[in-house]
1. Leu158: closer than 22 Å to Gly21 by Cα and outside any loop (DSSP other than H, G, I, E, B), yes or no?
2. Within the range 50-67, is even one residue acidic (Asp, Glu) and within 14 Å of ligand 2 (Cβ to nearest atom)?
3. All but one of (1) farther than 24 Å from Val146 by Cα; (2) touching a Pro at 6+ places or on another chain (Cβ under 8 Å); (3) of a type in the set (S, T, N, Q) hold for Ser41; state the number of the condition that does not hold.
4. Can you pull out the residues in the range 59-86 that are farther than 13 Å from Leu115 by Cβ, assigned to a helix (DSSP H, G or I) and within 16 Å of the chain's Cα centre (by Cα)?
5. Select from the range 165-198 the residues that are among the basic types (Lys, Arg) and exposed (fewer than 12 other Cβ atoms within 10 Å of the Cβ) and list them in ascending order.
6. Any residue at all in the range 76-86 that is within 30 Å of Ala225 (Cα to Cα) and either surrounded by fewer than 21 Cβ atoms within 10 Å (Cβ to Cβ) or in contact with an Asp or Glu (Cβ under 7 Å, 6 or more places away or on another chain) (or both)?
7. If you check every pair at least six apart or on different chains, which have Cβ atoms under 9 Å apart with a residue in the range 9-33 that is touching a residue at least 40 places away in the same chain (Cβ under 8 Å) and assigned to a helix (DSSP H, G or I) first and a residue that is of a type in the set (Asp, Glu) and more than 9 Å from ligand 2 (Cβ to nearest atom) second?
8. Give Ile122, Ile116, Ile144 a once-over and let me know the one that is within 15 Å of ligand 1 (Cβ to nearest atom), crowded, with 22+ Cβ neighbours inside 10 Å and not in a strand (DSSP E or B).
Amino acid sequence: MSAVFITGTGTGVGKTFVAAGLIRYFRALGQPVAALKPLVSGFDLAAPSGSDPAVLLEALGREVTPEELNRISPWRFRAPLSPDMAARAENKAIDFQAVVDLAHTAIAGTDGALLIEGIGGIMVPLDARHTVLDLMIALNQPLILVAGSYLGTLSHVLSAQEVILRRTLDLRAIVVSETEGAPVPLDATLATLANFAKAPLLGLGRRVPARQTDAVFQHLAKLIA
Ligand SMILES: Nc1ncnc2c1ncn2[C@@H]1O[C@H](COP(=O)(O)OP(=O)(O)O)[C@@H](O)[C@H]1O
Ligand SMILES: [Mg+2]
């Protein structure tokens, strides 16, 4: 298989959790897998553990070294803000075309699965003219849309789906990853979303048996194959 872009309805919804789960799934099967999280904000080189690139590197079984961090996340910013704001806080600007070129090079150079994690939601600004949506359009790879199960997620998922499909992107799956402490049961959210979803819909519960989570990643891997 080739690349898949893992996007989300927002930040903290489960994109990295899904990417890391897929990485472990492919590795358990002995299949080649690589990951790219080109842009990361809220990153502190003095304390990388727990950051998205560190979580992805650990799932890949690689050391969290400055070289590996450079490779998996070349654009790292200190402030926990949108990429455009985090870059501006360091008197920098993100070169959108350079991000596109780097991702294209990674896609062309991967023999196996390449999981590309976006940043924030689908329309987070990267610079003054581009959002994550523009990056997804430029790369034109299959997408996984990850969402939480918090109250309010229905409109966020359906708005994101609408935008993605209007731009004729290849939406392979919508994953609802259970939000900690959400007042709405995951199954109820999935039941309502099923009426409107235009891509296969998967639920990832918390505190569920490992075999249940494994089955979701197995299904997801088939959808992106
Ligand atoms: N289904 C889940 N089960 C357990 N923990 C989860 C699940 N989904 C997300 N998380 C946890 O929630 C937090 C936020 O998820 P994360 O994947 O980092 O979000 P994002 O990448 O979209 O910002 C992380 O600590 C992650 O491990
Ligand atoms: Mg993440």
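Since every read-out is calculated from the coordinates, none of them should be taken as a lab result. Since this is a predicted model, take the numbers as computed values, not measurements. Every residue, glycine among them, receives a Cβ derived from its backbone with ideal geometry; neighbour counts consider all protein chains shown.
1. On the way: closer than 22 Å to Gly21 by Cα: no; outside any loop (DSSP other than H, G, I, E, B): yes.
It is false that Leu158 is closer than 22 Å to Gly21 by Cα and outside any loop (DSSP other than H, G, I, E, B).
2. First pass over the range 50-67, keeping only residues acidic (Asp, Glu): 52, 58, 63, 67.
Of the ones still in play, those that are also within 14 Å of ligand 2 (Cβ to nearest atom) are 52, 58.
Yes, the range 50-67 contains at least one residue that is acidic (Asp, Glu) and within 14 Å of ligand 2 (Cβ to nearest atom).
3. With respect to (1) farther than 24 Å from Val146 by Cα; (2) touching a Pro at 6+ places or on another chain (Cβ under 8 Å); (3) of a type in the set (S, T, N, Q), Ser41 is out only on (1).
4. Pro83
5. Initially, the range 165-198 is screened for residues among the basic types (Lys, Arg), giving 166-167, 172, 198.
Matches in the range 165-198: Arg166 only.
6. no
7. Gly21/Asp214; Tyr25/Asp214
8. Details: Ile116 fails: not in a strand (DSSP E or B); Ile144 fails: not in a strand (DSSP E or B).
Checking each option against the conditions leaves just Ile122.
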